[in-house]
Amino acid sequence: MSHKLPKVNESLRNILGQAIGEEFGMQYGLVSVTKVDVSPDIKSARVFISCFNCADSADFIKKLNTHASEYQRLINEQIRLKYTPKLKFILDDTIEYADRIEKLLKQ
């Protein structure tokens, strides 16, 4: 089953990226799904969200986790899996961290 995980990760990333983009647009800044890590048993997934120029990224992640069941239902409608993974949204601050490093290096 593990050879299918990269394909499942990519499918979930595409589905969630499109859904989140359509729902929130630029309301919270530039938002993207950077990575999805599905557990080997496909029962859970960590969804990493990048939020560039967000005023309150913690609030945005909290809102996504509150509505996780709606995104799970959307996944269930769009792709066929043995289980629909339980989603956990996590802030991916890699881009912001790299931006801060770059600004420090330029000083």
Taking first residues from the range 30-50 that are modelled with pLDDT of 90 or more and polar (S, T, N, Q) and second residues anywhere that are in a strand (DSSP E or B) and surrounded by fewer than 16 Cβ atoms within 10 Å (Cβ to Cβ), the pairs with Cβ under 8 Å that are 6 or more apart or on different chains are 44/86; 44/88
Taking the range 30-61 and keeping only residues that are of a type in the set (Ser, Thr, Tyr), outside any loop (DSSP other than H, G, I, E, B) and farther than 14 Å from residue 75 by Cα, one is left with 32, 34, 50, 57
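Taking the conditions exactly as written (in a helix (DSSP H, G or I) and either among the β-branched types (Val, Ile, Thr) or exposed (fewer than 14 other Cβ atoms within 10 Å of the Cβ) (or both)), does residue 83 satisfy them or not?
No: the conditions fail for residue 83.
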Considering residues that are farther than 18 Å from residue 100 by Cβ, exposed (fewer than 15 other Cβ atoms within 10 Å of the Cβ) and not basic (Lys, Arg), the number found within the range 41-55 is 2
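Taking residue 104 as the residue in question, decide whether it is outside any loop (DSSP other than H, G, I, E, B), in contact (Cβ under 8 Å) with a residue 24 or more places away in the chain and surrounded by fewer than 16 Cβ atoms within 10 Å (Cβ to Cβ).
no
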Expected single match for more than 13 Å from the chain's Cα centre (by Cα) and of a type outside the set (Gly, Ala, Ser) among 99, 92, 37 is 99
Only unsatisfied item for residue 104, checking (1) aliphatic (A, V, I, L, M); (2) out of contact with any Asp or Glu (no Cβ under 7 Å at 6 or more places or on another chain); (3) closer than 22 Å to residue 3 by Cα, is (3)
All conditions in (1) surrounded by fewer than 18 Cβ atoms within 10 Å (Cβ to Cβ); (2) closer than 23 Å to residue 100 by Cβ; (3) under 13 Å from the mean Cα position of the chain (by Cα) are true of residue 31 except (1)
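Residues checked against (1) over 14 Å from residue 90 (Cα atoms); (2) in contact with a helix residue (DSSP H, G or I) (Cβ under 7 Å, 6 or more places away or on another chain):
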residue	(1), (2)
8	yes, no
11	yes, no
14	yes, no
21	yes, no
32	no, yes
42	yes, yes
53	yes, no
75	yes, yes
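The values are calculated or read from the model by the stated rules, or taken from the named source; none is laboratory data. Please read all numbers here as calculations on a predicted model, not as lab measurements. Methodologically, a virtual Cβ is constructed for each residue, glycine included, from the backbone with ideal geometry; neighbour enumeration extends over all protein chains shown.
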